[in-house]
1. From the list Lys39, Lys75, exactly one residue is over 16 Å from the mean Cα position of the chain (by Cα) and more than 30 Å from Asn8 (Cβ to Cβ). Which is it?
2. List the residue pairs whose Cβ atoms are under 9 Å apart, where the first residue sits in segment 1-28 and is closer than 25 Å to Ile53 by Cα, the second is among the acidic types (Asp, Glu), and the two are 6 or more positions apart or on different chains.
3. Taking the residues in segment 1-31 that are closer than 30 Å to Arg42 by Cβ and polar (S, T, N, Q) as candidates, determine which candidate is least open to solvent (accessible area, probe 1.4 Å).
4. Just one of the numbered conditions (1) under 14 Å from the mean Cα position of the chain (by Cα); (2) in contact (Cβ under 8 Å) with a residue 24 or more places away in the chain is not true of Ile85; which one?
5. What's the number of the only condition in (1) under 15 Å from Glu91 (Cβ atoms); (2) surrounded by fewer than 20 Cβ atoms within 10 Å (Cβ to Cβ) that Ser52 fails to meet?
6. Quick check on my filter: what residues within segment 39-86 are polar (S, T, N, Q) and not in a helix (DSSP H, G or I)?
Amino acid sequence: MNLISNFNNREIFLLIYLISINLISFILFGIDKNKAEKKEWRISEASLLLTSILGGSIGSLIGIVVFKHKLSKKKFYIGIPCILILNKIIELIIFNNIR
């Protein structure tokens, strides 16, 4: 049986959205780290946090660890895991309501 056939259209859309926003979030952390090393224009912390709040907290957390970026900032090393917990609670509620 095809795995995708187990999901309805709204669930598939939500999964695609979550994968996309997490990839974007991860990439933004990489770009910001690269720009920081070159002392160039930076992505604002508000933008990095916003992508996390919009569902990209896993990508942000992986980006923080992989790129060793924003590790000394409390709003990132505490805030992102808190946002991740909040995101997961919201995702569970949404998935249960669209099923």
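1. Every option except Lys39 fails the conditions.
2. What qualifies is Leu14/Glu91; Leu18/Glu91.
3. Ser25
4. (2)
5. Single failed check for Ser52: (2).
6. Ser44, Ser72 - these are the residues of segment 39-86 that are polar (S, T, N, Q) and not in a helix (DSSP H, G or I).
The rows are residues; the columns are (1) in a helix (DSSP H, G or I); (2) closer than 16 Å to His69 by Cα; (3) touching a Pro at 6+ places or on another chain (Cβ under 9 Å); (4) of a type outside the set (Gly, Ala, Ser).
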site	(1), (2), (3), (4)
Ile4	yes, no, no, yes
Phe13	yes, no, no, yes
Ile24	yes, yes, no, yes
Leu28	yes, yes, no, yes
Ile31	yes, yes, no, yes
Ala36	yes, yes, no, no
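The values are calculated or read from the model by the stated rules, or taken from the named source; none is laboratory data. Everything numeric here is computed off the predicted structure, so don't read it as measured data. Every residue, glycine as well, gets a Cβ built from its backbone with ideal geometry; the counts of neighbours run over all protein chains shown. Protein only, heavy atoms only, side chains kept; ligands, DNA and RNA dropped before computing areas. Shrake-Rupley method; radii C 1.70, N 1.55, O 1.52, S 1.80 Å.
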